[in-house]
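J.: Following this message is one structure expressed as structure tokens.
The values are calculated or read from the model by the stated rules, or taken from the named source; none is laboratory data. Just so we're clear, the structure is a prediction, and the values are computed from it rather than from any experiment. Here Cβ is always computed from backbone atoms with ideal geometry, including for glycine, and neighbour counts include all displayed protein chains.
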Amino acid sequence: MTKQKAMLIDIKRCIGCLSCETACKQLHGFGTDPEPTLSDTAFTVVETRGGTFVRKVCMHCNDPACASACPVGAIGKTAMGPVVYNADKCIGCRYCMLACPYQVPRYQWTKLAPFVKKCDMCADRIEAGKSTACAEACPVEATIFGDRDSLIAEAWSRIRGDSSYVPRIYGLEELGGGSVLFVSDVPFEKLGFKPAPTGNQPMPTLTASALGDSPKVVIMGGTILSALYWVTQRRHEVALAEAEEKATINRSKGKRS
Amino acid sequence: MIARIKSEITLWRVIVAIIFVTGLYATYIRFFEGFRASTNLSDQMPWGLWVGLGTLCGIGLSAAGFGISAAVYLLGMERYRPILRASILISFLGYLTVMVGYLYEIGLPWRFWHPIVMWNHRSMLFDVCICIMTYTTVLTFEFAPAVIEKLPWKAFRETVLRYHHKILIGVVLAGVLLSSMHQSYLGGLFLIARGKIHPLWYSQYMHALFYLSAIPAGLALTVMAIYLSMRSLNVRVDFSILSDCGRMIQMLLIVYAFFKFLDLVSNQALGYAFQRTSEAGYFWLEVLLFLAIPIFLLSYDFVRSNPERLYWTSAIVVAGFMVDRLNVSINSLQTAMGTHYVPKWTELASSVLVIAAGVIAFRYAVIYLDILPKMTVKPATRWISNAGVPAQA
Ligand code: SF4
Ligand code: SF4
């Protein structure tokens with residue numbers, strides 16, 4: 001079995017040099033002008049929140065909301081960890097954008113044949129045994145790439161070795177966890193990390209319960225409706241038979257008199 | 001008099017012409033210049049008016065077809081048979097407009113067929129797509145006799161209609177189940193957007209609430225359409241049927257109001273309604289138009305038994321329903337997404353074009369097919385009920 005890969009982003013170490021952002025843009029041939037937020041030409045950005053540098057990037061969820069939402073299954077999680085997008089299937093409904101709890105997927109609004117754009121954790125590169133472009137570019141190891149297990153161990157050892165860290169790895173369990181992990185010396189709530197809408201439950205459970213009920217509802221509804229139809233028909237028949245009976249009685253009465 | 005009628009006709013013609021010209025121009029911009037030029041959609045508001053008005057309102061307001069066919073075919077409520085075909089026609093056309101709208105909505109419209117062959121059964125939207133396609137087929141089947149009976153080939157007509165009749169009940173049953181599924185799945189689409197949707201609308205039972213609210217709204221639209229046909233086309237329906245529809249709408253609205261209230265209380269979201277936010281404002285607008293005013297008005301006999309008053313009350317129901325769906329799909333998201341979305345004129349113009357095409361198709365179907373009972377003798381008053389008592393008009 002392939003080991004799941006991951007990225008660890010250390011907010012305390014980040015110096016805001018934008019090397020990751022630039023490396024990503026260069027890899028995809030997007031020019032090098034920095035952008036304020038994620039866009040269809042910026043799959044990762046470094047935002048400044050109260051003097052702290054916070055990298056924004058797809059969390060590569062273990063049970064991704066975007067993948068569960070996509071009607072044609074254009075998004076999927078690979079065994080190595082990346083959540084990848086298959087442009088050949090996509091119909092451009094943008095439901096993945098509505099579903100993603102981190103508002104990551106972006107759309108090519110200006111194109112006539114627009115596609116969804118988001119970080120794919122350099123799926124091709126890591127398949128070939130390389131590291132992600134951003135992790136490779138980071139001069140201070142604020143973003144590192146490796147096996148998810150060993151990165152979790154590394155994160156805990158950084159937290160244990162330095163009491164200024166918040167004792168929490170964001171992305172380990174939130175919404176079922178993912179392949180991008182954050183550690184920080186500033187509480188995550190202050191950095192724009194919103195409380196996870198479903199705690200540690202993956203987002204797709206929200207839809208699953210409603211969808212899971214529907215076979216029951218359909219079978220029950222179908223039975224009830226058929227029963228009602230049967231009753232209606234029966235009543236109809238009874239009414240017809242009664243009318244006929246009456247008619248026969250009347251006729252025989254008529255004969256007798 | 002004649003001059004007045006003439007001027008009226010030209011006014012309507014002018015309006016229709018404007019709708020078509022602007023709508024077609026907007027369509028051109030959508031397909032040849034793209035989303036940026038034709039919409040105000042953004043990464044923060046990936047769904048807008050097309051989904052909110054076109055799909056959510058379109059499907060919701062087409063709910064009467066399955067409601068009335070269940071009542072007549074399955075429950076034996078023969079009383080509603082005269083308006084059965086009209087309600088099926090409304091649903092049929094409603095679903096067609098949604099299908100056309102779907103081509104505007106998706107970014108790669110030439111791939112519209114992908115959901116048929118690429119399945120993701122975990123996706124609400126996939127289920128919505130499949131249900132809508134299947135149900136449109138069902139509606140085509142249910143509506144087909146109205147066209148087939150007008151065909152000139154007698155033998156063909158009779159064979160087809162005989163087989164049609166044999167499987168009709170099964171198809172109706174399937175249609176009712178399919179409708180129930182996707183009417184609620186449309187609400188289910190938003191379940192996964194927890195944390196983005198304002199608490200006044202988010203609930204783990206959104207799908208059930210969508211289902212409950214669609215039926216009265218669909219009935220209200222049917223009442224409106226039949227009223228307008230009776231007023232301007234040569235058809236006549238026993239008005240007391242529409243009156244009863246009014247009563248039914250009221251009942252269904254009360255049921256919906258009850259569950260919506262219960263839901264708000266159990267989610268501890270009621271407090272949000274009394275904050276000074278724009279969401280609270282939109283919420284009260286919805287409560288007023290969709291629930292408070294119609295429930296109040298429809299409890300009076302002088303509203304229910306008067307065609308004009310019943311029509312306008314139904315119009316309020318339909319408007320309130322649209323506010324509800326736009327609240328869920330647009331207004332409830334703006335704060336969390338940090339954006340302010342106002343649709344571009346092109347979004348509105350293309351939606352109106354599609355709706356107008358549906359209305360015109362309805363009109364000609366009523367004129368040329370046997371949708372509603374035709375008026376054979378000219379009665380003293382158009383609004384006569386079966387008992388022979390003229391409704392108080
Ligand atoms: S962060 Fe969003 S886009 Fe990335 S995998 Fe998770 S749900 Fe999908
Ligand atoms: S926009 Fe494409 S990838 Fe996203 S949900 Fe729709 S079909 Fe799937």
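J.: Let me confirm something: among B:LEU168, B:LEU186, B:LEU161, which residue is buried (at least 24 other Cβ atoms within 10 Å of the Cβ) and more than 10 Å from chain A (Cβ to nearest Cβ)?
T.: The conditions single out B:LEU186.
J.: Condition first: out of contact with any Asp or Glu (no Cβ under 8 Å at 6 or more places or on another chain), exposed (fewer than 15 other Cβ atoms within 10 Å of the Cβ), within 7 Å of chain B (Cβ to nearest Cβ) and at pLDDT 85 or above. Can you find one or more residues in segment A:227-234 that meet it?
T.: Checked segment A:227-234: at least one residue is out of contact with any Asp or Glu (no Cβ under 8 Å at 6 or more places or on another chain), exposed (fewer than 15 other Cβ atoms within 10 Å of the Cβ), within 7 Å of chain B (Cβ to nearest Cβ) and at pLDDT 85 or above.
J.: If a residue has to be surrounded by fewer than 17 Cβ atoms within 10 Å (Cβ to Cβ) and either under 25 Å from A:ARG148 (Cα atoms) or not β-branched (Val, Ile, Thr) (or both) to count, how many in segment A:31-51 make the cut?
T.: Residues flagged as surrounded by fewer than 17 Cβ atoms within 10 Å (Cβ to Cβ) and either under 25 Å from A:ARG148 (Cα atoms) or not β-branched (Val, Ile, Thr) (or both) within segment A:31-51 amount to 10.
J.: Can you name the number of the only condition in (1) crowded, with 20+ Cβ neighbours inside 10 Å; (2) farther than 20 Å from A:ARG55 by Cα; (3) hydroxyl-bearing (Ser, Thr, Tyr) that A:THR110 fails?
T.: Against the list (1) crowded, with 20+ Cβ neighbours inside 10 Å; (2) farther than 20 Å from A:ARG55 by Cα; (3) hydroxyl-bearing (Ser, Thr, Tyr), A:THR110 comes up short only on (1).
J.: Among the residues of segment A:60-67, are any within 9 Å of ligand 2 (Cβ to nearest atom), closer than 22 Å to B:ILE330 by Cα and surrounded by 23 or more Cβ atoms within 10 Å (Cβ to Cβ)?
T.: Yes, some residue in segment A:60-67 is within 9 Å of ligand 2 (Cβ to nearest atom), closer than 22 Å to B:ILE330 by Cα and surrounded by 23 or more Cβ atoms within 10 Å (Cβ to Cβ).
J.: Still on this structure, please answer the following. Confirm whether A:ARG49 is within 16 Å of ligand 1 (Cβ to nearest atom) and more than 30 Å from A:ALA208 (Cβ to Cβ).
T.: In short, no.
J.: Within segment A:23-57, track down each residue that is closer than 18 Å to A:PHE188 by Cα, out of contact with any helix residue (DSSP H, G or I) (no Cβ under 8 Å at 6 or more places or on another chain) and within 14 Å of chain B (Cβ to nearest Cβ).
T.: A:GLU47, A:LYS56
J.: Taking B:ARG79 as the residue in question, decide whether it is in a helix (DSSP H, G or I), in contact with a Ser or Thr (Cβ under 8 Å, 6 or more places away or on another chain) and surrounded by fewer than 24 Cβ atoms within 10 Å (Cβ to Cβ).
T.: In short, no.
J.: Scan segment B:142-158 residue by residue and report those that are crowded, with 17+ Cβ neighbours inside 10 Å and among the hydrophobic types (A, V, I, L, M, F, W, C).
T.: The answer is B:PHE143, B:ALA146.
J.: In addition: Would you pick out the residues in segment A:85-97 that are within 14 Å of ligand 1 (Cβ to nearest atom) and surrounded by fewer than 20 Cβ atoms within 10 Å (Cβ to Cβ)?
T.: Matches in segment A:85-97: A:ASN86 only.
J.: Kindly indicate which of A:LEU175, A:LEU211, A:LEU240, A:LEU206 is in contact (Cβ under 8 Å) with a residue 60 or more places away in the chain and either within 30 Å of A:THR143 (Cα to Cα) or within 14 Å of chain B (Cβ to nearest Cβ) (or both).
T.: Of the residues listed, the single one that is in contact (Cβ under 8 Å) with a residue 60 or more places away in the chain and either within 30 Å of A:THR143 (Cα to Cα) or within 14 Å of chain B (Cβ to nearest Cβ) (or both) is A:LEU175.
J.: Tally time: how many residues in segment A:90-124 are over 23 Å from A:LEU206 (Cα atoms), within 12 Å of ligand 2 (Cβ to nearest atom) and of a type in the set (Val, Ile, Thr)?
T.: Count: 2.
J.: Could you check segment A:98-142 and list, in sequence order, the residues that are over 29 Å from B:GLN334 (Cβ atoms), within 16 Å of ligand 1 (Cβ to nearest atom) and of a type in the set (S, T, N, Q)?
T.: A:THR132
J.: Right, next: Could you please give the count of residues in segment A:1-56 that are of a type in the set (Ser, Thr, Tyr) and closer than 29 Å to A:SER157 by Cβ?
T.: 5
J.: So, B:PRO46, is that one within 14 Å of ligand 2 (Cβ to nearest atom) and out of contact with any Gly (no Cβ under 9 Å at 6 or more places or on another chain) or not?
T.: Answer is yes for this residue.
J.: Still on this structure, please answer the following. What's the number of the only condition in (1) free of Cβ contacts under 8 Å to residues at least 24 places away in the same chain; (2) surrounded by fewer than 19 Cβ atoms within 10 Å (Cβ to Cβ); (3) within 12 Å of another protein chain (Cβ to nearest Cβ) that A:GLY73 fails to meet?
T.: (2)
J.: Next up: Residues B:SER243, B:SER332, B:SER314, B:SER266: which one is without any contact (Cβ under 8 Å) to a residue 40 or more places away in the chain, of a type outside the set (A, V, I, L, M) and within 26 Å of B:GLN183 (Cβ to Cβ)?
T.: Answer to the check: B:SER266.
J.: Out of all the residues in segment A:188-196, is one or more within 14 Å of A:ALA65 (Cα to Cα), in the same structural domain as A:GLN103 (by TED's automatic domain parsing), touching a helix residue (DSSP H, G or I) at 6+ places or on another chain (Cβ under 8 Å) and within 16 Å of ligand 1 (Cβ to nearest atom)?
T.: So far as segment A:188-196 goes, yes, one or more of its residues are within 14 Å of A:ALA65 (Cα to Cα), in the same structural domain as A:GLN103 (by TED's automatic domain parsing), touching a helix residue (DSSP H, G or I) at 6+ places or on another chain (Cβ under 8 Å) and within 16 Å of ligand 1 (Cβ to nearest atom).
J.: Looking only at residues that are among the β-branched types (Val, Ile, Thr) and over 13 Å from B:TYR104 (Cα atoms) in segment B:20-44, which one is farthest from the other protein chains (Cβ to nearest Cβ)?
T.: Only one residue tops the list, namely B:VAL21.
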